[in-house]
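The values are calculated or read from the model by the stated rules, or taken from the named source; none is laboratory data. Nothing here was measured: the structure is a model prediction, and the numbers come from that model. Virtual Cβ from ideal backbone geometry, glycine too; neighbours counted across all protein chains shown.
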Amino acid sequence: MPQSAIAIRKVFSTDPATGKVLREFECASSEEVAAAVDHAQSAQKLWREVSFSERISVFRRFQTELHRRKDEVAAQISLEAGKPQVEALLTEVLVVLDAASFYIRYAKSFLRPERVPHGNPALKTKRGYLLREPQGVVGIISPWNYPFSIPSCDVLAALIMGNAVVLKPSELTPSAALLLRELFNTAGLPPDIFQVVIGDGLTGAALTTATIDKLIFTGSVPTGRRIATAAAERLLSIVLELGGKDPMLVLEDADLDIASSAAVWGAFMNAGQTCLSVERCYVHRKIHDRFVELCVEKTKRLRVGRGSDPESEIGPMINQQQLNIIESHVADALAHGARVLTGGKRLPELGPNFYAPTILVDVKHNVGSNVARILIEETFGPVLPIIPFDTEEEAIALANDSDFGLSASVWTRNRPRGEAIAAKIEAGTVMVNDVITCFGISEAPHGGVKSSGLGRTHGRSGLEEMVRTKYIDAELLPSIPKVWWFGYGSEFHLQMKGFLDLLFSKNWAHRARGAAKATGALFRKGRL
Ligand code: TXE
């Protein structure tokens, strides 16, 4: 069908604080996506041959440019995603600047051939090592909640490993991705190596089925499952980062002032629209009431408003759909007997998408029973349910009673105890006495277990996803025929049984006899 006969789809970059459309874009068609991937493929052939120091120079210039334009970038993110500008500066710009430093510092040693020592004495005359080669073209599909830092960290990891990238940003926040491309253009990245295709889910689906070599997806569980199904058809390697329902465990010996501040920040930062948000807070019964009091008092002091106002701490939700999810979760919790201690309502006087930071109590969580949606489904909004527990075992069971397993936190003055509990929690990351900041540790892997996804981004593990590992094995004594080659027979069979006895028998006499037999194989006749 000619392009003109196809209805043109559009996406709209919107200021969530006012609902005003900032800019509209036509969605890239599947032909345009395929063409972007084709161009990326050609460009990648040259980029993978570019010296590592030249790639590093591009990264340094990118970093310098991002640092120079930090206020403009933060303001743009804040405008399109609604978050306070200082949060955009810290959780988006700073995270990316630091990630660039990490790759500049670390990537060269990661790419060095890695020796693979051989334990088997029969194979000691060989030298084995791993080479890490780029995947080719990496497709990245990213969400709106961290429109700059989520795609940028993946783009940086892909590029430094010699890949080309085609990025499909969220339809709600395309401008941040365009800024990222502009920064790389200014840094001198050769053309076509990093491309941005703008569009909706259909554009994302087109990228999934295009001839990319790897796909990194961050978004919702249902979309992640659709992508995994499409990827399975053609055995496309994927990483899925699908969000969470992260628990915070506050033990009886925790510092209540610190832990309550962390709970409030961890639940409400970015208006709760963070995959690592505190979505469930379990507090030891002995300290529960005081902890709740502190959280309520601190929540009431939060200033809700536009991201452009330096006094704002909580911005708007991204759109009405998010508000609807939050409202339905709160209503369902109330129907299950919960009480709202603060918040629990929209703030229309501020704009169309504002919701008051909310604390819920009396949300019953009995493992295996019919619990409220707010304890099971990702809310992705500024709602903090606080639930008491009596024993450490119960707290761990409650934390693990979830389909998700992205991150968790344990709060205690006894760090070894906290670390022991952390080891028992089913999650990709567990922080002891901190929340969320693991995302900003460039060296640390990011990703989850269970429905939170597959694979890892960030750190060494993230780089591993961007390469194909090739094993090279070279024989050091190539003119000597191998003992195990043809020329079998009953004598050889006995010699080889002796060799296995030499290596694995627990009886020393047996081993010695095995050695004597096996030695004969070195001099056997009739070998082909
Ligand atoms: O996600 P979607 P949405 C969760 C959060 C939120 C919910 C819905 O709970 O309420 O997801 O958010 C692209 N093939 N998270 O609707 O639809 C889409 O264009 C390929 C958690 O924004 O999954 C966008 O670029 N791509 C989360 C990206 O997928 C497709 C962050 C995410 O969109 C596609 C965001 C398809 N068929 C939401 N359909 C986190 N983990 O941080 C859509 N897309």
- Could you tell me whether any residue of region 123-146 is part of a helix (DSSP H, G or I), within 15 Å of the ligand (Cβ to nearest atom) and farther than 18 Å from Gln63 by Cβ? no
- Note on the structure: Restricting attention to region 210-236, the residues that are over 15 Å from the mean Cα position of the chain (by Cα) and near the ligand (Cβ under 9 Å from one of its atoms) number exactly 5
- Item | Residue list for region 38-89, restricted to those being assigned to a loop (DSSP other than H, G, I, E, B), within 26 Å of Tyr106 (Cα to Cα) and of a type in the set (D, E, K, R) | Arg48, Glu49, Arg69
- Query: Can you tell me which residues in region 277-310 are outside any loop (DSSP other than H, G, I, E, B) and either within 30 Å of the chain's Cα centre (by Cα) or closer than 22 Å to Arg346 by Cβ (or both)?
  - Reply: Arg280, Cys281, Tyr282, Val283, Cys295, Val296, Lys298, Thr299, Lys300, Val304
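Pull up region 357-399, narrow it to residues that are small (Gly, Ala, Ser) and touching a helix residue (DSSP H, G or I) at 6+ places or on another chain (Cβ under 9 Å), then point me to the one that is farthest from the ligand (Cβ to nearest atom). Step through it out loud before you land on a result.
Residues of region 357-399 that are small (Gly, Ala, Ser), as a first pass: 368-369, 372, 381, 395, 397, 399.
With touching a helix residue (DSSP H, G or I) at 6+ places or on another chain (Cβ under 9 Å) added as a condition, the list becomes 372, 381, 395, 399.
Values: Ala372: 16, Gly381: 8, Ala395: 25, Ala399: 19 Å.
Top of the filtered list is Ala395.
Scanning for something closer than 28 Å to Asp38 by Cα, surrounded by fewer than 24 Cβ atoms within 10 Å (Cβ to Cβ) and either more than 18 Å from the chain's Cα centre (by Cα) or within 16 Å of the ligand (Cβ to nearest atom) (or both), does region 111-119 turn up at least one residue? Full working, then the answer.
Of region 111-119, the ones closer than 28 Å to Asp38 by Cα are 111.
When the remaining residues are screened for being surrounded by fewer than 24 Cβ atoms within 10 Å (Cβ to Cβ), the result is 111.
Remaining after also requiring either more than 18 Å from the chain's Cα centre (by Cα) or within 16 Å of the ligand (Cβ to nearest atom) (or both): 111.
The answer is yes; a qualifying residue exists.
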- Message: Step by step: first the residues of region 237-246, then only those that are in contact with a Phe, Trp or Tyr (Cβ under 6 Å, 6 or more places away or on another chain) and within 30 Å of Val283 (Cα to Cα), then the one that is farthest from the ligand (Cβ to nearest atom). Which residue is that?
- Response: Lys245
- Message: Going residue by residue through region 149-163, is there one that turns out to be in a helix (DSSP H, G or I), closer than 21 Å to Trp47 by Cα and within 12 Å of the ligand (Cβ to nearest atom)?
- Response: yes
- Message: Contact list please: Cβ distance under 7 Å, first residue in region 13-27 and loosely packed, with under 13 Cβ neighbours inside 10 Å, second residue of a type in the set (Ser, Thr, Tyr), pairs at least six apart or on different chains.
- Response: Lys20/Thr14; Val21/Thr14; Arg23/Ser13; Arg23/Ser175
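Quick grid of which residues meet (1) in the same structural domain as Ile258 (by TED's automatic domain parsing); (2) surrounded by 18 or more Cβ atoms within 10 Å (Cβ to Cβ); (3) closer than 17 Å to His284 by Cα; (4) among the hydrophobic types (A, V, I, L, M, F, W, C):
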site: Ala408; (1), (2), (3), (4): yes, yes, yes, yes
site: Trp411; (1), (2), (3), (4): yes, yes, yes, yes
site: Arg415; (1), (2), (3), (4): yes, no, yes, no
site: Asn433; (1), (2), (3), (4): yes, no, yes, no
site: Cys438; (1), (2), (3), (4): yes, yes, no, yes
site: Gly447; (1), (2), (3), (4): no, yes, no, no
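Got a sec? Which of Thr469, Thr457 is in contact (Cβ under 8 Å) with a residue 12 or more places away in the chain and in contact with a Cys (Cβ under 9 Å, 6 or more places away or on another chain)?
On the way: Thr469 fails: in contact with a Cys (Cβ under 9 Å, 6 or more places away or on another chain).
Of Thr469, Thr457, the one residue that is in contact (Cβ under 8 Å) with a residue 12 or more places away in the chain and in contact with a Cys (Cβ under 9 Å, 6 or more places away or on another chain) is Thr457.
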- Message: Considering only region 237-246, I want to know if a residue exists there that is touching a strand residue (DSSP E or B) at 6+ places or on another chain (Cβ under 7 Å), surrounded by fewer than 24 Cβ atoms within 10 Å (Cβ to Cβ) and small (Gly, Ala, Ser).
- Response: yes
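Looking at region 77-85, can you tell me whether even one residue there is aliphatic (A, V, I, L, M) and either under 17 Å from Arg181 (Cβ atoms) or without any contact (Cβ under 8 Å) to a residue 24 or more places away in the chain (or both)?
Checked against the condition, which is being aliphatic (A, V, I, L, M) and either under 17 Å from Arg181 (Cβ atoms) or without any contact (Cβ under 8 Å) to a residue 24 or more places away in the chain (or both), region 77-85 yields at least one hit.
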